[in-house]
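Notes follow the structure.
The values are calculated or read from the model by the stated rules, or taken from the named source; none is laboratory data. What you are looking at is a predicted structure, and each value in this text was computed from that prediction instead of being measured. Positions of Cβ are generated from backbone atoms using ideal geometry, with glycine treated the same way; all protein chains shown enter the neighbour counts.
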Amino acid sequence: MRLHTYWRSSAAWRVRIALALKGLAWEAAAHDLRTGGQSTPRYLALNPQALVPALEVEGAVLTQSLAIIEYLDERWPEPALLPGDLMERARVRAFSLAVACDIHPVQNLRVLRMLRKRGLDQAAIDAWAREVIESGLAACSALIADRQGPFCFGEAVTLADITLIPQLANARRFGARIDYPRIEAIEAAALAHSAFADTRPELQADADPA
Ligand SMILES: N[C@@H](CCC(=O)N[C@@H](CS)C(=O)NCC(=O)O)C(=O)O
C-alpha cells in the first residue's frame, strides 16, 4: 500500500493510525503542502481534490480519510473501528464527522490561504482557526459527556478517537484551548497506544527537523 501523505496533515494521520491498528504495512509518498505538492498534475491524476491523504491499495486509489478508514475496516475487520451496535455506530460516525466535516475543513490550509488572499493578517487567520477549533471541540466534548473512557466511546478505540487525536495537534498549532478533562484524558490514553504514538507527525520521514 502506498499512502500519499504529508507529515503535518491531520487527515493523513487518521489513516496512519488506522493502518497501524490493523497492523498493515505501507510506504509513504510525501507531498509538501507548503510548496504545492498536492497540486502537481501527477498527484491530481490520483486525487483531483488536491488533498492528502490518498491510499493506493489493491490496484485502486482511495481518497477521503474516513472513506479510506471504513474501507480498511471492512476489508480487514480486526480490530473493529466501529461498534457492532447500529445506534452506537451512528454516534461514533456523528462524532467523527463533527471533526472531519465541521472543524477540520474550516481551518484547513486552503481556507486559511483564501482568508490571507482576502486581506486578513496572520493574527486574524490564527484567531479564525482557534475559534473554529474551540467551538468544535466544545461540541465534541458535549457529545461524549455521558460516556466512560478511556476512549471516546468506551474501552475500544474507534473512528472517533482516530479523528479526534490528530485534530488536537491542529488545536495546539493554532494555540486553541483544549481544557476539557474528558478530551485530555482520551488524548493521554490514545498517545499511550502505539498506533497513535508511533504515527505522530513529528516521527514522519518528511517532518521538518525539530
Ligand atoms: N476531507 C478530507 C480532507 C483532506 C485535507 O483537507 N487534507 C489537507 C491536509 S490535512 C490538505 O491536503 N490540504 C491541502 C490544501 O488545503 O491545499 C479527508 O478527510 O481526507
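With the structure loaded, tell me whether Val132 is at pLDDT 95 or above, surrounded by fewer than 17 Cβ atoms within 10 Å (Cβ to Cβ) and part of a helix (DSSP H, G or I) or whether it fails that test. In short, no. Cβ-Cβ contacts under 6 Å between residues 6 or more apart (or on different chains), taken from a first residue in segment 10-30 that is within 15 Å of Phe196 (Cβ to Cβ) and within 16 Å of the ligand (Cβ to nearest atom) to a second residue that is of a type in the set (Phe, Trp, Tyr) and not in a loop (DSSP other than H, G, I, E, B), are listed as Ile17/Phe196.
Scan segment 141-186 for residues that are among the acidic types (Asp, Glu) and closer than 15 Å to Ser96 by Cα and jot them down. Listed by number, the list holds a single entry, Asp161. Taking every residue in segment 97-123 that is closer than 15 Å to Leu137 by Cβ and pairing it with any residue that is assigned to a loop (DSSP other than H, G, I, E, B) and within 8 Å of the ligand (Cβ to nearest atom), at least 6 positions away or on another chain, the pairs with Cβ-Cβ distances below 9 Å are Ala100/Gln64. Of the residues Ala80, Ala90, the single one that is modelled with pLDDT of 95 or more, away from the ligand (no atom under 16 Å from the Cβ) and in a loop (DSSP other than H, G, I, E, B) is Ala80.
Of the residues in segment 67-106, how many are exposed (fewer than 14 other Cβ atoms within 10 Å of the Cβ) and in contact with a Ser or Thr (Cβ under 6 Å, 6 or more places away or on another chain)? Qualifying residue count for the region: 0.
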